[in-house]
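First up is the structure itself, then whatever we jot down about it.
Read the figures in this text as sums done on the coordinates, not as results from a lab. Remember, it's a predicted structure, so these values are computed and weren't measured experimentally. Glycine gets a Cβ as well: all are built from the backbone with ideal geometry, and neighbour counts include every protein chain shown.
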Amino acid sequence: MATLEQLVETRKKQADKREIFAKSQLVVKVLGVGGEEQRKDDPHCVAYIYDWTFNSNGLVIKDHNEEYHYDDGSGGGGSLTVSFSGKEVYKYGNGLEIYKPGKWEGQLDVLYARALEVQKANKAKEVEKAAVEQAVKARELRKNFGL
């Protein structure tokens with residue numbers, strides 16, 4: 001019979017193998033809403049606050065991080081939480097704190113696939129935009145130098 005510690009370790013490995021953290025983070029950043037904020041309330045510290053939320057069909061993903069860059073070092077912390085039908089099913093803060101497998105993972109996988117598609121489309125748009133900007137710059141240089 002496995003000990004409680006062994007069962008918990010097995011569950012943590014299961015979450016790692018299923019890439020719950022990476023999938024949740026991509027979904028919340030690509031399909032969710034939120035943003036990043038820089039604050040300099042203290043002359044010796046720059047703070048970066050990241051807050052993202054995704055909410056669809058009972059699945060809620062929240063990603064909150066704070067980074068503090070002091071003159072003499074850095075610090076910070078954050079958490080990524082997943083709730084399904086109002087119950088917390090995954091939490092990563094100071095390591096994996098909660099993981100309750102269930103049907104929510106199938107929904108996450110579908111959303112992850114959609115987030116990958118959106119991310120790919122966004123990258124293609126960025127490449128196209130950079131090419132257009134480069135062409136405009138080249139045209140301007142030709143014009144400015146009579147070429």
field: Angle between the chain longest axis and helix 20-31 axis [Cα atoms, degrees, rounded to 10]
entry: 40
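As a check on your grasp of the helix formula, calculate [θ] at 222 nm for the chain: sum -39500 (n - 2.57) over DSSP H runs of n ≥ 4, divide by the residue count, round to the nearest 500.
-16000 deg cm²/dmol
For the chain, count all C-alpha to C-alpha pairs, find those more than 22 Å apart, and express that count as a whole percent of the total. Intermediate results must be reported in sequence, preceding the final value.
On the way: 6144 of 10731 pairs.
Everything past 22 Å amounts to 57 percent.
Please compare each pair in Lys12/Lys125; Lys103/Lys123; Lys12/Lys87 to a cut-off of 26 Å on the Cα-Cα distance and tell me which ones are over it.
Working: Lys12/Lys125 37 Å; Lys103/Lys123 31 Å; Lys12/Lys87 19 Å.
Check vs 26 Å cut-off fails for Lys12/Lys125; Lys103/Lys123.
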query: Label-point separation (nm) for Ala22 and Ser79, each offset 7 Å from Cα along Cα-to-Cβ?
result: 2.5
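Would you mind working out the magnitude of the charge dipole of the chain relative to its Cα centre, with +1 at each Lys and Arg C-beta and -1 at each Asp and Glu C-beta, to the nearest 20 Debye?
Values: 23 positive and 23 negative charges, 186 e Å.
Dipole of the chain, to the nearest 20 debye: 900 debye.
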- prompt: Any idea what the relative contact order of the stretch 56-116 is, in percent, if you count C-alpha pairs under 8 Å spaced at least 6 apart?
  reply: 24
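Can you tell me how much longer the chain between Glu36 and Met1 gets when fully stretched, taken as 0.36 nm per residue apart minus their C-alpha distance, in nm with one decimal? All intermediate terms of the calculation are to be shown ahead of the outcome.
Values: separation 35, 0.36 × 35 = 12.60 nm, distance 4.72 nm.
Roughly 7.9 nm would be gained on extension.
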- request: Only Cα pairs under 8 Å and at least 6 apart count here; give the relative contact order of the chain as a rounded whole percent.
  value: 16
- prompt: Taking the Cα centre of the chain as the origin and placing charges on Cβ (Lys, Arg +1; Asp, Glu -1), which of Gly78, Gln38, Leu59 is farthest toward the positive end of the dipole?
  reply: Leu59
- request: Using DSSP to define loop residues, name the trypsin sites (Lys or Arg not before Pro) in the stretch 53-103 whose beta-carbon has at most 15 other beta-carbon atoms within 10 Å.
  value: Lys103
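Give the calculated FRET efficiency between Thr10 and Lys103 to the nearest 0.05, with a Förster radius of 22 Å applied to their Cβ-Cβ distance. Kindly include the intermediate steps, with their values, before the conclusion.
Numbers: r = 20 Å, r/R0 = 0.92.
So, using R0 = 22 Å, E works out to roughly 0.65.
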